[in-house]
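Undergrad: Below is a structure I'd like to ask you about.
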């Protein structure tokens, strides 16, 4: 029974679901719920980014650009043009996907540092546009976003809802919605990884030459995963915009792109649980660094560097390997 | 016999270096055709030209009558060409079986939608792919490594695994670049047996190899090149008695 659980490809999703849904029972303070919801949203974003970075072995230093684009598209469409939020979210994802495809096609021909630079530039351009189009976006001052609503039913952190006879305050409801979104994001990502498409993506990381030899159209697959990860970012950006109710161009900026990539690298490339852990750690860290705010980016940079040197596989896979080795040795000792 | 590969006036220059010069030959369907020559003669360059990794400076290459000059390796794979490498190209981030399953990439019809939701059609296809890949691993003699990570396999086993991956694509023509390099006597004998079995199934095999015993034993025809030029071409018997070849090899 337990063995079958260990072999089940989705076992960690069950563990994750339990963690996500047990945590609210232990918290009361709305501030913690706010933080936890932000973590869930950003975790779902990096699960998408991990498909590109961890599995296909490509890099994007401009991913916050897509996140910000989704957020601002939703914000502008719902506030200035009164679009229904769900429609805005879907159209935003389609537009961001299209933009990612158009820029991805040429720049994904680049490798290594060149690709880093090109994606960096994409992120910068998006951030600059958001900053400068201040009539629509409010520029550097940011803009207010209406709460999420669906068929007249509004989801606001200040609301009060009832579910199965339970009274649920708005911040808890938002947490639960974000939790479900993260689980869906993880399940879809895992399905992709376990499919022939995922195999082709991983082969690009493993040996691009081998991939091409057996007929993988590597350019097409790279663009595809770039678009998928951008769509993940866009959707979660839209969700984040409605959740916080106020966004600034910082969410599309370079610093934020670095935070995203650090989450992937720190937690563990090609490990969904790892990148989620990375999101948790890097999102909680600023809370403990409240006194050294100016050094935040420097500290993130240092963490990224130290991880690359000492745990190139990332924290989670390194820890899991250590545990597995320990268990393996102890059971070997008994036999 | 139908001509599988036809090469005419093939030239490849790297800067001022003439790696391949005016090469002409043709490979017929079902043959085992070997390319031999001293180190640096241009054998691997020739393979890279045929398989689309390099673009010729001049000349014509046709596959089954269709010009394939400037075509990407993945397009050539769609036309039934597959190869292995002197510097093995194995995806070390996958298991042995996944590497072979990757070889069936072009046979799989699943798309983004079926993959995202893991629909039954995808699972059925994957199951068939897994079965076929397991068969191929047994066929090349890697049956015991099915669940092994590629990174944990020995050199000799990886060489066979690479052949299994190429065969998984159901190629019409298979190009093997120094398959016997680094193998011991027993392993080379097994490899010879394997290449014969592959050819018996109707796959055309092109071979770059240094092991003369292997090459002379299994080839239908041989091409000898030196300094990028054709030195001789013919059956193993003809090559063995060709004075130019003897001179190039023995420095006589």
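The values are calculated or read from the model by the stated rules, or taken from the named source; none is laboratory data. No experiment lies behind these values; they were computed from the predicted model shown. Heads up, the Cβs are rebuilt from the backbone with ideal geometry, glycines too, and the neighbour counts pull from every protein chain shown.
Undergrad: Only strands (runs of 3 or more DSSP E) wholly contained in segment B:203-252 count here; list those with 3 or more residues that are modelled with pLDDT of 90 or more, surrounded by 15 or more Cβ atoms within 10 Å (Cβ to Cβ) and over 16 Å from the mean Cα position of the chain (by Cα).
TA: Fully inside segment B:203-252 and qualifying: B:221-226, B:229-234.
Undergrad: Please give the number of the condition residue B:76 fails out of (1) more than 10 Å from every other protein chain (Cβ to nearest Cβ); (2) part of a helix (DSSP H, G or I); (3) touching a helix residue (DSSP H, G or I) at 6+ places or on another chain (Cβ under 9 Å).
TA: (1)
Undergrad: Also, quick follow-up: Are any of the residues in segment B:135-150 in a helix (DSSP H, G or I), under 15 Å from residue A:199 (Cβ atoms) and touching a residue at least 40 places away in the same chain (Cβ under 8 Å)?
TA: Let us first name the residues in segment B:135-150 that are in a helix (DSSP H, G or I), namely B:135-140, B:143-145, B:150.
From what is left, the residues that are under 15 Å from residue A:199 (Cβ atoms) are B:150.
Next, from what is left, pick out any that are touching a residue at least 40 places away in the same chain (Cβ under 8 Å): B:150.
Looking for residues that are in a helix (DSSP H, G or I), under 15 Å from residue A:199 (Cβ atoms) and touching a residue at least 40 places away in the same chain (Cβ under 8 Å), one finds at least one in segment B:135-150, hence yes.
Undergrad: Continuing with this model, one more query. Of all residues in segment A:99-111 being assigned to a helix (DSSP H, G or I) and touching a residue at least 40 places away in the same chain (Cβ under 8 Å), which is farthest from residue A:228 (Cα to Cα)?
TA: It comes out as A:105.
Undergrad: Looking only at segment B:99-124, how many residues end up being without any contact (Cβ under 8 Å) to a residue 40 or more places away in the chain and assigned to a helix (DSSP H, G or I)?
TA: Count: 11.
Undergrad: Hey, another quick one. Out of all the residues in segment B:86-113, which are modelled with pLDDT of 95 or more and more than 7 Å from chain A (Cβ to nearest Cβ)?
TA: B:95, B:96, B:97, B:99, B:100, B:104 - these are the residues of segment B:86-113 that are modelled with pLDDT of 95 or more and more than 7 Å from chain A (Cβ to nearest Cβ).
Undergrad: While we're on this one: Out of A:250, A:233, A:279, A:241, I need the residue that is surrounded by 22 or more Cβ atoms within 10 Å (Cβ to Cβ), more than 14 Å from every other protein chain (Cβ to nearest Cβ), out of contact with any strand residue (DSSP E or B) (no Cβ under 6 Å at 6 or more places or on another chain) and closer than 22 Å to residue A:130 by Cβ. Which one?
TA: A:233
Undergrad: Looking at residue A:217 and the list (1) at the interface with chain B (Cβ under 9 Å from one of its Cβ atoms); (2) surrounded by fewer than 22 Cβ atoms within 10 Å (Cβ to Cβ); (3) over 20 Å from residue B:110 (Cβ atoms), which single condition is not satisfied?
TA: It fails just one condition, (3).
Yes/no per residue for (1) in contact (Cβ under 8 Å) with a residue 40 or more places away in the chain; (2) surrounded by 15 or more Cβ atoms within 10 Å (Cβ to Cβ):
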position: B:162; (1), (2): yes, yes
position: B:171; (1), (2): yes, yes
position: B:175; (1), (2): yes, yes
position: B:184; (1), (2): no, no
position: B:189; (1), (2): no, yes
position: B:193; (1), (2): no, no
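Undergrad: How about segment A:151-175: which of its residues are out of contact with any helix residue (DSSP H, G or I) (no Cβ under 7 Å at 6 or more places or on another chain) and in contact (Cβ under 8 Å) with a residue 40 or more places away in the chain?
TA: Of everything in segment A:151-175, just one residue is out of contact with any helix residue (DSSP H, G or I) (no Cβ under 7 Å at 6 or more places or on another chain) and in contact (Cβ under 8 Å) with a residue 40 or more places away in the chain, namely A:169.
Undergrad: Related question: Given the condition in a helix (DSSP H, G or I) and in contact with a strand residue (DSSP E or B) (Cβ under 7 Å, 6 or more places away or on another chain), answer yes or no: does some residue in segment A:205-215 qualify?
TA: For segment A:205-215, residues in a helix (DSSP H, G or I) and in contact with a strand residue (DSSP E or B) (Cβ under 7 Å, 6 or more places away or on another chain): present.
Undergrad: Out of the residues in segment B:34-62 that are within 14 Å of chain A (Cβ to nearest Cβ) and touching a helix residue (DSSP H, G or I) at 6+ places or on another chain (Cβ under 7 Å), which is surrounded by the most Cβ atoms within 10 Å (Cβ to Cβ)?
TA: B:51
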